[in-house]
Amino acid sequence: MSVTLEDVRHAADAIGSHIVRTPLLHSATLSRLTGCELYIKFENHQFTAAFKERGALNHLLALTEAERKRGVIAMSAGNHAQAVAYHASRLGIHAVIVMPRHTPNLKVSNTRALGAEVHLQGDGVDEAGAYAARLAAEHDYVFVHPYDDEKVMAGQGTIALEMLEDEPSLEALVIPIGGGGLMAGNAVAAKGLNPSIDLLGVQTARFPAMQQALAGEPIHCGRATIAEGIAVKQPGQITRELIRQHVGDILLVDEADIERAILMLLEIEKTVAEGAGAAGLAAVLSQPERFRGRKVGLVLCGGNIDMQALSSVIQRGLVRSGRIVRVRVGISDVPGSLSELTQLLAEQRANVISITHQRTFTDLSLRATEVEATLETLGSEHTRDVLAALRREGYDPVMPANEVHPDERYASAGEPKDTSQR
């Protein structure tokens with residue numbers, strides 16, 4: 001069996017009144033920054049904040065009455081779990097969900113709150129899946145696979161139907177790939193509607209399983225990624241063949257690219273994206289020449305990011321963009337020296353987040369102390385102005401080499417400004 005455009009259209013009819021028809025919006029700012037005309041499909045607007053509702057609901061609606069009474073089971077790192085739990089509860093179907101032990105707390109608590117019986121087993125989706133298969137056999141549950149399932153793929157493919165109905169002139173779709181259900185379903189739909197459309201998948205460099213499988217290579221994956229929603233070590237069999245048939249290329253993105261994309265979506269589009277949801281934008285940002293001048297559709301597939309992870313992404317992003325910086329200077333160890341330094345920083349409109357000083361772990365003279373200030377600035381240009389002002393006043397500022405523009409890197413701290421002869 002496989003999936004056809006007609007299957008996707010049937011899925012659209014079945015689920016249409018039960019899900020959100022999410023907006024496809026043109027981003028003027030991101031288009032300017034990337035050099036292409038960028039359209040974003042905001043699947044994080046679904047009730048469970050991810051696209052998975054489409055496929056899960058399509059499968060559940062296709063169950064017979066006898067299958068509904070048996071109950072369903074699914075394994076998932078989060079979004080499929082919430083989708084099955086939510087729609088099974090709506091339809092009066094008992095749902096059991098097996099999630100990897102290290103699934104973000106937000107997704108675990110949300111799944112339980114939606115009424116599912118949750119089991120935490122295994123270090124990844126594959127181990128969770130093996131445990132779910134055992135439970136299904138023991139209790140005669142209906143297994144709802146997160147991606148390698150025709151009904152699920154057809155449901156996911158309704159995204160492309162909506163995108164090409166709203167913007168028929170799209171030239172390329174950039175879609176994240178984990179197990180491949182999202183890409184496979186949408187590839188069938190998009191190619192069925194427009195055979196010339198360019199389909200590009202995105203995986204993290206740490207979990208390139210689908211790319212490796214299609215190349216006939218052994219699958220080697222890392223241990224962790226911020227895009228846990230596409231951290232799949234065993235891609236689907238059905239999805240693999242559909243992707244081989246329809247998808248032009250799979251692009252790999254690094255963790256820093258994904259973090260940057262999450263922050264840009266938050267800051268520019270005022271929308272929260274999880275790592276997998278931001279992967280498409282990360283690919284466009286990392287390979288702009290590939291998309292320049294084209295009309296490109298991105299699927300922002302989910303927004304279920306752990307708040308602690310989001311906080312870290314924001315803070316690290318502010319550091320990378322030069323809006324939070326650390327500066328070390330040496331000052332004379334006499335009363336008033338620290339006050340003079342902070343007054344100068346205030347005059348330069350650099351907001352002091354924290355400041356520490358120490359005399360022990362330094363090679364400065366005994367009558368000197370080292371001060372490290374964490375500052376909030378307006379960006380790299382403002383930071384350079386602050387450093388220049390410090391130098392003009394006799395300080396020798398030092399910044400960690402990985403936190404500053406290459407022109408502003410210094411090898412070591414110099415002598416402190418001498419303020420002893422006031």
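The values are calculated or read from the model by the stated rules, or taken from the named source; none is laboratory data. Bear in mind that the values here come from a model prediction, so they are computed numbers and not experimental data. Positions of Cβ are generated from backbone atoms using ideal geometry, with glycine treated the same way; all protein chains shown enter the neighbour counts.
What are the residue pairs meeting all of these: first residue in the range 26-52, first residue among the β-branched types (Val, Ile, Thr), second residue in a helix (DSSP H, G or I), Cβ atoms under 6 Å, and 6 or more apart or on different chains?
Thr29/Ile268; Thr34/Val284; Thr34/Pro288; Thr48/Gln82; Thr48/Ala83; Thr48/Tyr86
Can you tell me which residues in the range 101-150 are under 25 Å from the mean Cα position of the chain (by Cα) and either closer than 22 Å to Thr239 by Cα or of a type in the set (Phe, Trp, Tyr) (or both)?
Answer for the range 101-150, where residues must be under 25 Å from the mean Cα position of the chain (by Cα) and either closer than 22 Å to Thr239 by Cα or of a type in the set (Phe, Trp, Tyr) (or both): Gly124, Val125, Asp126, Glu127, Ala128, Gly129, Val144, His145, Pro146, Tyr147, Asp148, Asp149.
Please find, among Leu33, Leu61, the residue that is at pLDDT 95 or above and closer than 27 Å to Met264 by Cα. Show your work before the answer.
Values: Leu61 fails: closer than 27 Å to Met264 by Cα.
Testing whether each residue is at pLDDT 95 or above and closer than 27 Å to Met264 by Cα leaves just Leu33.
Please list, ordered by first then second residue, the pairs with beta carbon atoms under 7 Å, 6 or more apart or interchain, first in the range 367-386 and buried (at least 16 other Cβ atoms within 10 Å of the Cβ), second among the acidic types (Asp, Glu).
Short answer, once both residue conditions are applied: Ala368/Asp333; Thr369/Asp333; Arg384/Glu408.
Can you name the residue in the range 254-313 that is hydroxyl-bearing (Ser, Thr, Tyr) and part of a helix (DSSP H, G or I) and, of all such residues, is surrounded by the most Cβ atoms within 10 Å (Cβ to Cβ)?
Ser286
Any idea which of Ser380, Ser412, Ser365, Ser354 is at pLDDT below 90, of a type in the set (Gly, Ala, Ser) and either within 21 Å of Gln315 (Cα to Cα) or in contact with a helix residue (DSSP H, G or I) (Cβ under 6 Å, 6 or more places away or on another chain) (or both)?
Criteria check complete, one pass: Ser380.
Among the residues of the range 322-349, which ones are under 18 Å from Gly394 (Cα atoms) and in a loop (DSSP other than H, G, I, E, B)? Before you say what the answer is, go through the steps one by one.
So the first thing to find is which residues in the range 322-349 are under 18 Å from Gly394 (Cα atoms), and the list is 327-348.
Asp333, Val334, Pro335, Gly336, Gln348, listed by residue number.
Identify the residue in the range 56-73 that is among the small types (Gly, Ala, Ser) and in a loop (DSSP other than H, G, I, E, B) and, among all such residues, is surrounded by the fewest Cβ atoms within 10 Å (Cβ to Cβ).
So, considering only residues that are among the small types (Gly, Ala, Ser) and in a loop (DSSP other than H, G, I, E, B), the one surrounded by the fewest Cβ atoms within 10 Å (Cβ to Cβ) is Ala62.
Just to be sure I understand, how many residues within the range 188-198 are over 23 Å from Arg292 (Cβ atoms) and crowded, with 24+ Cβ neighbours inside 10 Å?
Summing the residues that are over 23 Å from Arg292 (Cβ atoms) and crowded, with 24+ Cβ neighbours inside 10 Å in the range 188-198 gives 2.
Cβ-Cβ under 8 Å, sequence separation 6+ or interchain: first residue in the range 229-248 and in the same structural domain as Gly303 (by TED's automatic domain parsing), partner part of a loop (DSSP other than H, G, I, E, B) and of a type in the set (Asp, Glu). Which pairs?
Pairs that qualify, where the first residue is in the same structural domain as Gly303 (by TED's automatic domain parsing) and the partner is part of a loop (DSSP other than H, G, I, E, B) and of a type in the set (Asp, Glu), are Gly229/Glu274; Gly236/Asp148; Gln237/Asp148; Ile238/Asp148; Ile238/Asp149; Thr239/Asp148.
In the range 350-366, which residues are surrounded by 15 or more Cβ atoms within 10 Å (Cβ to Cβ) and not in a loop (DSSP other than H, G, I, E, B)?
Ile355, His357, listed by residue number.
Just to check your reading of the model, which residue among Ser286, Ser311 is under 30 Å from Leu170 (Cα atoms), assigned by TED's automatic domain parsing to the domain that holds Leu265, without any contact (Cβ under 8 Å) to a residue 40 or more places away in the chain and within 36 Å of the chain's Cα centre (by Cα)?
Exactly one residue qualifies, and that residue is Ser286.
How many residues does the range 73-93 contain that are at pLDDT 95 or above and within 22 Å of Ser17 (Cα to Cα)?
11
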